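The structure appears right after this line, and notes come after that.
The values are calculated or read from the model by the stated rules, or taken from the named source; none is laboratory data. Being a predicted model, the structure only gives us computed values, none of them experimental. Quick reminder, even Gly has a Cβ in these numbers, built from the backbone with ideal geometry, and neighbours come from all protein chains shown.
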């Protein structure tokens, strides 16, 4: 009887409910993008690494050029989403990875915050004329569907339709 109970527990734990597993129904491609504007212009960073250091220091992964930015102004950390292990988000934290805050802090969407889970089109201000905008680009494609670029497109000359209309008269 003990073996039966153990077997039943294993069956219950290995449920075949895939309703929360989005990878079974669709392939989701997420691109995390950070666009920086500083004293040297505009730069685009595609975020793929688990941790990024942001600041004026030469050792920073994302370097900001401004006297108003701390050497280690902020840290970006990639974290998994609770509902989907294949998806993640980025959290920005003021200061370096050791917990030392920056001199001027972070303004996120107009509010000073020590940390924030980034959402699409969030604006981060590091100092005067130094800002970043975060973009989360999602491309969902159902499995089994073909990419729309695979379709052949035939252009019709408007003169051809006039010829067809003349035949109908």
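Here are the numbers:
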| read-out | value |
| --- | --- |
| Given (1) under 25 Å from residue 29 (Cβ atoms); (2) at pLDDT 95 or above, index of the condition residue 142 fails | (2) |
| Breaking point among (1) at pLDDT 95 or above; (2) farther than 19 Å from residue 34 by Cβ; (3) within 20 Å of the chain's Cα centre (by Cα), for residue 119 | (2) |
| Filter result (in contact (Cβ under 8 Å) with a residue 12 or more places away in the chain and surrounded by fewer than 17 Cβ atoms within 10 Å (Cβ to Cβ)) within region 90-109 | 91, 97, 100, 101, 103, 107, 109 |
| 3 or more residues in contact with a strand residue (DSSP E or B) (Cβ under 9 Å, 6 or more places away or on another chain): qualifying strands (runs of 3 or more DSSP E) within region 55-125 | 74-80, 88-94, 106-108, 115-117 |
